[in-house]
Amino acid sequence: MTETTATVNVTWQEKGKPQQAVWQSEANAVPPKSIQIADDTTSAKDAYKLICEGTAFLYKGDFQNAKQMLQAITRKFDIKPIKPAENLTQAFHQHRARQIQRANITNKILIELNHGSCDLKRAPDVKEAVTGALIVNAKIDKVPMKMVLSLRELLGMVGAHEWRKKGVPVDALPVNIHAHYGVYSPIRGEYLDLINTTSLGNAKTAFDIGTGTGVIAAILVTRGIKAVIATDNNLRALNCSADNVEKLNLKSYITVEQANLFPSGHKKADLIVCNPPWLPAKANAPIEHAIYDPNSAMLKSFLNGVKAHLNDDGEAWLILSNLAEHLGLRTPEELQKWIDDAGLAVVEKLDIAPKHAKSSDQSDPLYAARVKEITSLYRLKPI
C-alpha cells in the first residue's frame, strides 16, 4: 500500500549561497522562514532566544552535540512556570497548549539528510529508520536526495524503529505486536485484558473497527472467532496490521480492509468491536488521532452505524476510558444519550483500572483525573 504527498521545499543560506531541500514534517508544519546554521560553537542560550523569536537552526556540527543542544533547549522551555489551573478542564487545555508550544520550540533544531542518511560526525545509521517511516509506511514513494527535518522528528523515527524491531508483548498472543512508525502501540494493556476475558457468546464472525496494529483482531481469532474483518482509514495502520497478521499466521482468519469505519458493502457480523480515541479534542499530529477524537465524531459515528451491521442477536463492544469525564470534556449522561439515540442498550459494563505509568505519576498535571480513570467495555445490543 503506497501513497504519495505533495513535495514542500525549505530554503536557507549557507556560506553565502542559497540552498534548498525537501521539507519533511510529520505534523505538516510549514517550513521555517528564517534558518541559521548552528555548529558546536553555538550557544544553547543564544539559540533558544532566537528560536522563541521564530528562527530555526540547521545543525552542521557533531550529531551528539546537536542532541545536547536539543536537550538544553527543552530544559529551558520546561522550567517556564505554569499558571495554576482553576479546574481539571482548564488544566487539560493548558496542558495541550503547552504541548503544542513545546513542540514548536523543540522542532526548531533541524538536520539535513542525504538519501536518508545523516552525514554529521558521530551520527548513527538512520537510513533504515527513515526508510521505514517514510516509504514502507506509505508516507512518500521514495526518500528524497536532500531532505531537512527536525532533529526531534528524526529521533522519533529512530526510536520507533527500535520499538518496531522489539515489539510489544501481549499476554493473550504468542508473539509480540510490532507497531510501525505513526501507529499507536498497544502499551496500555488493560483494554486488551477486557477483550480477552469478556464472553464471546456464540459469535463466529467479527469486525475490528479502527484496527491500528491489528492486536484486537488477533486476540479475537485466538479466542475462537472464525473470521474477522479489520478496518482502518490510515494506510500506515493497514500496512502495520497486515504485517502483524502475517507474523501471527492469521491471514486465513483476518482480512484487513481500508474503510472509514465499517467494511464496504452491506456486510454484517456477530460481534463488532471498537476502541475509539478517548478524548474529544483536536489532534495536533497524525499519531494523536489514536487519542483525540474532535467532537467525539468517531465515537458517535460508530454508535449510529453499528446497529445496521450486526447479525441477528449480534452485539457491539465499545471500549472507552472515562478520563474525558474526569476532565470535564464529556458527561456520563451524554454518552448514555448517544447510546440511546443509536437504538442500543447496555447489557453489561465491565471495568478495569489502568496500569500505565501516568496513572501513578503525581507530577503529571492531569494526575487528579488519571488516578480516577477507569476503562470500560460496554456490551451493546440493538433495542
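Here are some notes:
- In this structure the amide hydrogen of ASP270, modeled in the peptide plane, comes within under 5 Å of the amide hydrogens of LYS204, THR205, ALA206, ASN311, none closer than 5 places in sequence on its chain.
- Across segment 329-338, computed HN-Hα scalar couplings (Karplus, 6.51 cos²θ - 1.76 cosθ + 1.60, θ = phi - 60°) run 9, 7, 9, x, 5, 4, 4, 4, 5, 4 Hz from first to last residue, x flagging Gly and Pro.
- From the C-alpha gyration tensor of segment 76-164, square roots of 5λ in Å: 33, 15, 11
- Kirkwood Rh in Å, taken over all unlike Cα pairs in segment 212-320: 14.5
- Fraction of beta bridges assigned by DSSP in segment 167-382 that are antiparallel (%, nearest 5): 45
- DSSP bridge orientation in segment 9-163 - percent antiparallel, rounded to nearest 5: 55
- When only alpha carbons are used to place a centre, segment 214-267 and segment 18-51 end up 41 Å from one another.
- Principal axis dimensions, largest first and in whole angstrom, of the chain by Cα: 73, 50, 33
- Reference-scaled alpha-carbon Rg (2.2 N^0.38 Å with N residues) for segment 9-163: 1.10
- According to the calculation over all Cα-Cα pairs in segment 210-270, the P(r) per 10 Å bin from zero is 26, 57, 17 %.
- Whole-number percent relative contact order across segment 95-213, with pairs defined as alpha carbons under 8 Å at least 6 apart: 20
- Three semi-axes describe the equivalent ellipsoid of segment 167-382; taken as square roots of 5 times the Cα gyration tensor eigenvalues and ordered largest first, they are 25, 21, 16 Å.
- Taking other C-beta atoms within 10 Å as the exposure proxy, LYS307, LYS204 rank LYS204, LYS307 from fewest upward.
- Relative contact order (%) - the chain, alpha-carbon pairs under 8 angstrom, separation at least six: 13
- Given charges at Cβ of Lys, Arg, Asp, Glu: segment 116-231 dipole, positive-most of ILE219, GLY156, ASN176: GLY156
- Looking at the chain, the DSSP beta bridges with both ends there are about 50 percent antiparallel.
- Remark on segment 6-86: Rg and Dmax equal 14.9, 52 Å (Cα only).
Every read-out reported here was derived from the displayed coordinates using simple, explicitly stated rules and does not represent laboratory data. This one's a predicted model, so the numbers in the text were calculated from it and none came from an experiment. Every residue, glycine among them, receives a Cβ derived from its backbone with ideal geometry; neighbour counts consider all protein chains shown.
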